[in-house]
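Take a look at the structure below.
Where a number appears in this text, it was derived from the coordinates with a stated rule and is not lab data. From a predicted model like this one, the values you see are computed outputs, not experimental measurements. FYI the Cβ positions are ideal-geometry reconstructions off the backbone, even for glycines, and counts take in every protein chain you see.
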Amino acid sequence: MNLHEQPIGQLACALPGATRIFHQHKLDFCCGGHVSLREAAAKRGVDLAALLKQLEPLQGGETQIRDWRSAPAAELIDYILRRYHERHREEIPELIRLARRVEHVHATRPDCPAGLADHLDAMFQELLSHMMKEEQVLFPMLLAGREAEAQSPISMMRYEHDQHGEALARLEALTDDITAPADACNTWRALYAGLAKLREDLMQHIHLENNILFINAGHIV
């Protein structure tokens with residue numbers, strides 16, 4: 001496989017373990033999954049040769065990481081609901097609480113992430129609306145085999161996924177790429193650990209939908 005010319009989203013599907021490497025280099029394989037690995041690396045300033053050395057051992061290797069491309073839609077949807085929808089609803093309110101605490105206690109510090117709690121709250125409201133649309137409209141269509149009828153909702157969900165990606169970029173800007181100061185308190189560190197997990201979960205969530213569920217439903221990018 002000529003890895004560097006393959007769409008990065010497809011590589012995330014085809015090479016179990018690749019998403020960990022993409023996260024390491026902050027390569028967007030969910031919303032930006034349609035661009036080639038070469039383009040994605042160039043955009044982030046990642047050394048392509050070094051990246052390929054990390055990816056090449058994954059080809060043909062055995063792994064316990066699930067390849068969802070051949071899974072029935074019902075199974076993948078159930079996994080998305082349990083692994084991502086439920087966890088977003090459980091975990092983000094606590095991140096908002098922690099962010100408000102950090103902003104209150106450290107308001108006088110120049111490196112305080114001012115505005116983070118409000119941004120997280122806005123992200124959460126958008127996610128709640130998005131997930132409800134999937135749960136009440138799109139997923140029932142796909143489960144009923146109404147793929148043709150689902151194309152318009154899929155296009156809307158892809159558009160909203162792009163907006164989620166923009167929200168993540170804003171979150172990174174507010175938090176110095178989710179990097180806590182060296183003297184950060186435990187609350188600050190716990191907040192940023194949770195934000196890093198949110199970023200990884202949300203990117204993987206979008207990846208499974210954009211690059212597998214929607215493509216399997218016959219959507220043409």
Filter result (surrounded by fewer than 17 Cβ atoms within 10 Å (Cβ to Cβ) and of a type in the set (K, R)) within the range 193-221: K197
The range 82-95, subset of a type outside the set (D, E, K, R) and under 14 Å from A196 (Cα atoms), residue surrounded by the most Cβ atoms within 10 Å (Cβ to Cβ): L95
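Residue check: is H106 of a type outside the set (K, R) and in contact with a strand residue (DSSP E or B) (Cβ under 8 Å, 6 or more places away or on another chain)?
In short, no.
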Can you name the condition, by its number, that R158 falls short on among (1) in contact with an Asp or Glu (Cβ under 9 Å, 6 or more places away or on another chain); (2) in contact (Cβ under 8 Å) with a residue 24 or more places away in the chain; (3) more than 20 Å from D28 (Cβ to Cβ)? (3)
Do you know which of the residues in the range 175-192 that are part of a loop (DSSP other than H, G, I, E, B) and hydrophobic (A, V, I, L, M, F, W, C) is surrounded by the fewest Cβ atoms within 10 Å (Cβ to Cβ)? A182
